[in-house]
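Q: Following this message is one structure expressed as structure tokens.
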Amino acid sequence: MLIRIPKPWQLKENQTTPQSLYLNRRQIIAGLGLASGSIAGGAAATTAPFIPGRKLSFSKSQYLVDAPSTPYGSVTSYNNFYEFGTDKTDPARYAKSLITDPWSITVEGHANKTGTFSLADIIRPDEQEERIYRLRCVEAWSMVIPWVGVPLAKVLARFEPTSKAKYVQFETLLNQEQMRGTRRAVLDWPYVEGLRMDEAMNQLPLLATGLYGHELPNQNGAPLRLVVPWKYGFKSIKSIVKIRFTSRQPKTSWKKSAPREYGFYSNVNPNVDHPRWSQASERIIGGGGFSSIFARRKTEEFNGYGDAVAALYAGMNMKKNY
Ligand SMILES: Nc1nc2c(c(=O)[nH]1)N[C@H]1C(S)=C(S)[C@@H](COP(=O)(O)O)O[C@H]1N2
Ligand SMILES: [Mo]
């Protein structure tokens, strides 16, 4: 398969690193009298002493974006995590109450290896890699986020799904004490998402444990969340406690809540508008400093990941299957 994702050596350092960190790193390099020339990726994380949370071990990867990463402050303060409220600032304010350790994940359905596992059973630190992906919310805004995680395909394969597994369903924790937003019926809790099995086994979906080289802040879906970069952000389900292999298409939360507006597939598509707004372009969160509220870019089909995923939808009418 031909993959157009740029190789690290095709990118300049300042294309993959937020400006503040980039300058910081350059200063450190200058101070040590070393020549600049190594690739960015993980370097962004290793030179950011102000980032809270445990530092993670990870290898670098070829998954980079030809644009600067969204500043850490924006990634962690402008969030959708309705379990903590519907305002963009609610998750950062209220998700501290989420208890992420210990954490267990139940695996059910059509697989040989099912049961309840600890996070450490599922995520092996030596398998973690850093992948910088675009995140495109269905609300027509976007970010570029340096995630740390393990490819979903690697994790799912260990459960040995059977031939009856056509889909995989994910569920978020539901705890009214810890998640104040779930005391109101904004959605039919718990939050449910899912993928067709071949989508899940594609190279791109990541089970993320961190961002900017450190463990996930609660508002971003600690301790484990899905990242599906060619689909609208709501598919990237947070704080996962259940994985279930099914024969039928999962009943996903947003589709259940507004089927005319949010589909199961929900691939990023500039040519299929949301019934209430255009998807042709997107607002760049935290981009462009002073002019940030005006920074926009054209939406890309499959969010720019078409070379890796378009074949999954051969023969399907994506307007109809939105
Ligand atoms: N459990 C759960 N997962 C969720 C959401 C949510 O409300 N609850 N919001 C989704 C939406 S709409 C988006 S755009 C992304 C946002 O991820 P971020 O806050 O890490 O940028 O998370 C997705 N995952
Ligand atoms: Mo979203």
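Q: Please go through the range 102-132 and give me each residue that is touching a residue at least 40 places away in the same chain (Cβ under 8 Å) and among the polar types (S, T, N, Q), ordered by number.
A: Taking the range 102-132 as the starting set, the residues that turn out to be touching a residue at least 40 places away in the same chain (Cβ under 8 Å) are 103-114, 119, 122-123, 125-126, 128-132.
Once the filter is applied, which keeps residues that are touching a residue at least 40 places away in the same chain (Cβ under 8 Å) and among the polar types (S, T, N, Q), the range 102-132 yields Ser104, Thr106, Asn112, Thr114, Gln128.
Q: Filter the range 125-171 down to the residues that are away from ligand 2 (no atom under 16 Å from the Cβ) and of a type in the set (Ser, Thr, Tyr), then identify the one that is most open to solvent (accessible area, probe 1.4 Å).
A: By that ranking, first place goes to Ser163.
Q: I would also like to ask the following. Hey, among the residues in the range 65-108 that are over 26 Å from Gly287 (Cβ atoms) and buried (at least 20 other Cβ atoms within 10 Å of the Cβ), which one's farthest from ligand 1 (Cβ to nearest atom)?
A: So, considering only residues that are over 26 Å from Gly287 (Cβ atoms) and buried (at least 20 other Cβ atoms within 10 Å of the Cβ), the one farthest from ligand 1 (Cβ to nearest atom) is Val107.
Q: Further question: Identify the residue in the range 109-124 that is open to solvent by less than 90 Å² (accessible area, probe 1.4 Å) and part of a loop (DSSP other than H, G, I, E, B) and, among all such residues, is nearest to Gly149 (Cα to Cα).
A: Ile123
Q: Which residues, taken from the range 206-240, are polar (S, T, N, Q), near ligand 1 (Cβ under 9 Å from one of its atoms) and touching a helix residue (DSSP H, G or I) at 6+ places or on another chain (Cβ under 6 Å)?
A: Residue satisfying the conditions is Gln219 alone.
Q: Within the range 238-251, restricting attention to residues that are surrounded by 23 or more Cβ atoms within 10 Å (Cβ to Cβ) and in a loop (DSSP other than H, G, I, E, B), which residue is nearest to ligand 2 (Cβ to nearest atom)?
A: Only one residue tops the list, namely Lys238.
Q: Look through the range 252-267, keep the residues that are outside any loop (DSSP other than H, G, I, E, B) and open to solvent by 20 Å² or more (accessible area, probe 1.4 Å), and return whichever of them is farthest from Leu187 (Cα to Cα).
A: Filtering first and then ranking leaves Lys255.
Q: Taking the stated definitions as given, is Ala208 at negative phi, among the hydrophobic types (A, V, I, L, M, F, W, C), modelled with pLDDT of 95 or more and buried (at least 22 other Cβ atoms within 10 Å of the Cβ)?
A: yes
Q: Further question: Would you pick out the residues in the range 286-322 that are within 22 Å of Tyr63 (Cα to Cα) and at pLDDT below 95?
A: Matches in the range 286-322: Gly286, Gly287.
Q: When Arg244 is evaluated against the numbered criteria (1) out of contact with any strand residue (DSSP E or B) (no Cβ under 6 Å at 6 or more places or on another chain); (2) closer than 19 Å to Leu173 by Cβ, which criterion, by number, is the only one it fails?
A: Evaluating Arg244 over (1) out of contact with any strand residue (DSSP E or B) (no Cβ under 6 Å at 6 or more places or on another chain); (2) closer than 19 Å to Leu173 by Cβ leaves (1) as the failure.
Q: Now for a different question. Pairs please, first residue from the range 229-253 and on the phi > 0 side of the Ramachandran plot, second anywhere and buried (at least 24 other Cβ atoms within 10 Å of the Cβ) and among the hydroxyl-bearing types (Ser, Thr, Tyr), Cβ atoms under 8 Å, 6+ apart in sequence or on different chains.
A: Hits for this filter: Ser239/Thr172.
Q: Tell me, please, whether a residue that is within 18 Å of Arg196 (Cβ to Cβ) and either aromatic (Phe, Trp, Tyr) or outside any helix (DSSP H, G or I) (or both) can be found in the range 269-277.
A: yes
The values are calculated or read from the model by the stated rules, or taken from the named source; none is laboratory data. If you're wondering where the values come from, they're calculated on a predicted model, not measured in any experiment. Note: ideal-geometry Cβ built from the backbone for every residue, glycine included; neighbour counts use all protein chains shown. Ligands, DNA and RNA are stripped out before the accessible areas are found, and what is left, the full protein with its side chains, is counted by its heavy atoms. Shrake-Rupley method; radii C 1.70, N 1.55, O 1.52, S 1.80 Å.
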